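Written below as structure tokens is the structure these notes are about.
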Amino acid sequence: MQRWRALRDCVVGRVGLVRELRRSFGCSAIGPHELKRARYYEGKGECEGPSRSDLHGVHVFQCRDQLGIIARISKVIAMRGANILNVDLYIDFDGGKQSPVFYARSEFAFDPSQWPRAVMDEDFAELSDHFKAERSIVRVLGSDPDLKLAVLASWQDHCLIDLLHRWQEGELPVNLSCVISNHNRGLNTHVLRFLERHGIPYHYLPTSRGNKREEEILDLVSGTDFLVLARYMQVLSPSFLRGYKKDIINIHHGLLPSFKGANPYRQAYEAGVKLIGATSHFVTEELDDGPIIEQMVDRVSHRDSLHAFATRSENLEKQCLGNAIKYYCEQRILRYSTNKTIIFS
């Protein structure tokens, strides 16, 4: 009751109100963004948002569901004068088969002079220890080094070219280390001119039924954070996946789990479907059965030819793969259950 009276008495003064709210959550300092918000709600100025000197952080968290998680995450961010921009969460109850699991992704703006990167790591490490978290990842977008990516592609260029142009335009925050292909592109092709202009190595490794060149590929991608298969028409072996040990994202030119394997365009065409699609997913030892990241669809009819199916599907594939890479770099993807993903919007 006393706290509510204090809040009522402080309403006329925004600083007093903010101080009381911060005190209620156990925080001592008043952040500049809270003053801007209070000023905005009083009608005394624009809500300016984060200042230009602020950096943008992302924190991803997974632990057994328990009381006080969101309050504690908010306190960690607020006590350093940072401003929460967005919080997205999900609790997996799994039909009562196991204890509920808590997943969250938080975005925040912060002043690096008030919250140095090393201190931020310590703060979130303490949070992780407190809740015995299975996962606690923090990244500062635009400041931390970009994730290092290698791309594998075969003869079809549409996904590769789209990926390269998205990267050039700054839509994909990755360090593009190399492109590997089992198809020999000519010296004057668009792809090779683009790669040469940007200083990105191109490795031509022709494959055969008895030699997939996987040892050489592993050597080339050993320093990367993840791989993308941009219509790479070779099946990676279980030994390759175990040797790489990191995430691999594939684009499948069909709407999984239907039309797995080869020629999904023809499979869909012969089945007389009314919706065609593309699926981006993580690669696992089971062909085309990894956790799904993104799916896109388009409507077709009996009037569409097999060529029309392929053309329209290629447009979906480009968008679907681009979205998956962006989600991955922005820490929006969390695997859960046996073969599912959470995609935070």
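Table for the structure above
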{"read-out": "Conditions (1) open to solvent by 30 Å² or more (accessible area, probe 1.4 Å); (2) touching a helix residue (DSSP H, G or I) at 6+ places or on another chain (Cβ under 7 Å); (3) touching a residue at least 24 places away in the same chain (Cβ under 8 Å); number of the one not met by Tyr244", "value": "(1)"}
{"read-out": "Unique match (being open to solvent by less than 40 Å² (accessible area, probe 1.4 Å) and in contact with a Cys (Cβ under 9 Å, 6 or more places away or on another chain)) among Ala268, Ala278, Ala324, Ala308", "value": "Ala278"}
{"read-out": "Selection count where residues are closer than 21 Å to Tyr328 by Cα and open to solvent by 30 Å² or more (accessible area, probe 1.4 Å), scope segment 254-265", "value": "1"}
{"read-out": "Residue in segment 222-232 that is of a type in the set (Asp, Glu), in a helix (DSSP H, G or I), modelled with pLDDT of 95 or more and touching a strand residue (DSSP E or B) at 6+ places or on another chain (Cβ under 9 Å) present", "value": "no"}
{"read-out": "Looking only at segment 195-207, and only at residues there that are open to solvent by less than 50 Å² (accessible area, probe 1.4 Å) and assigned to a loop (DSSP other than H, G, I, E, B), the one that is modelled with the lowest pLDDT", "value": "Thr207"}
{"read-out": "Single unsatisfied condition, Leu192 versus (1) crowded, with 17+ Cβ neighbours inside 10 Å; (2) of a type in the set (A, V, I, L, M); (3) free of Cβ contacts under 8 Å to residues at least 12 places away in the same chain", "value": "(1)"}
{"read-out": "Any hit, segment 161-178, residues being open to solvent by less than 40 Å² (accessible area, probe 1.4 Å) and under 30 Å from Gln66 (Cα atoms)", "value": "no"}
{"read-out": "Any pair with Cβ under 7 angstrom, 6 or more apart, that starts in segment 278-290 at a residue that is without any contact (Cβ under 8 Å) to a residue 12 or more places away in the chain and ends at one that is open to solvent by less than 60 Å² (accessible area, probe 1.4 Å) and of a type in the set (Phe, Trp, Tyr)", "value": "none"}
{"read-out": "Scan of segment 117-149 for residues that are in a helix (DSSP H, G or I) and not aliphatic (A, V, I, L, M), ordered by number", "value": "Arg117, Asp121, Glu122, Asp123, Phe124, Glu126, Ser128, Asp129, His130, Phe131"}
{"read-out": "Number of positions in segment 51-105 that are closer than 18 Å to Ala118 by Cα, open to solvent by 50 Å² or more (accessible area, probe 1.4 Å), part of a strand (DSSP E or B) and aliphatic (A, V, I, L, M)", "value": "1"}
{"read-out": "Qualifying residue in segment 208-224 (condition: open to solvent by 70 Å² or more (accessible area, probe 1.4 Å), free of Cβ contacts under 8 Å to residues at least 40 places away in the same chain and closer than 20 Å to Leu163 by Cα)", "value": "no"}
{"read-out": "Tally, over segment 282-305, of residues that are over 15 Å from Leu229 (Cα atoms), among the aliphatic types (A, V, I, L, M) and open to solvent by 60 Å² or more (accessible area, probe 1.4 Å)", "value": "1"}
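The values are calculated or read from the model by the stated rules, or taken from the named source; none is laboratory data. These numbers were taken from a predicted model, which means no experiment stands behind them. Counting neighbours? That spans all protein chains shown, and the Cβs are built from the backbone with ideal geometry, glycine included. Surface accessibility is based on the protein's heavy atoms, side chains included, excluding ligands, DNA and RNA. Shrake-Rupley method; radii C 1.70, N 1.55, O 1.52, S 1.80 Å.
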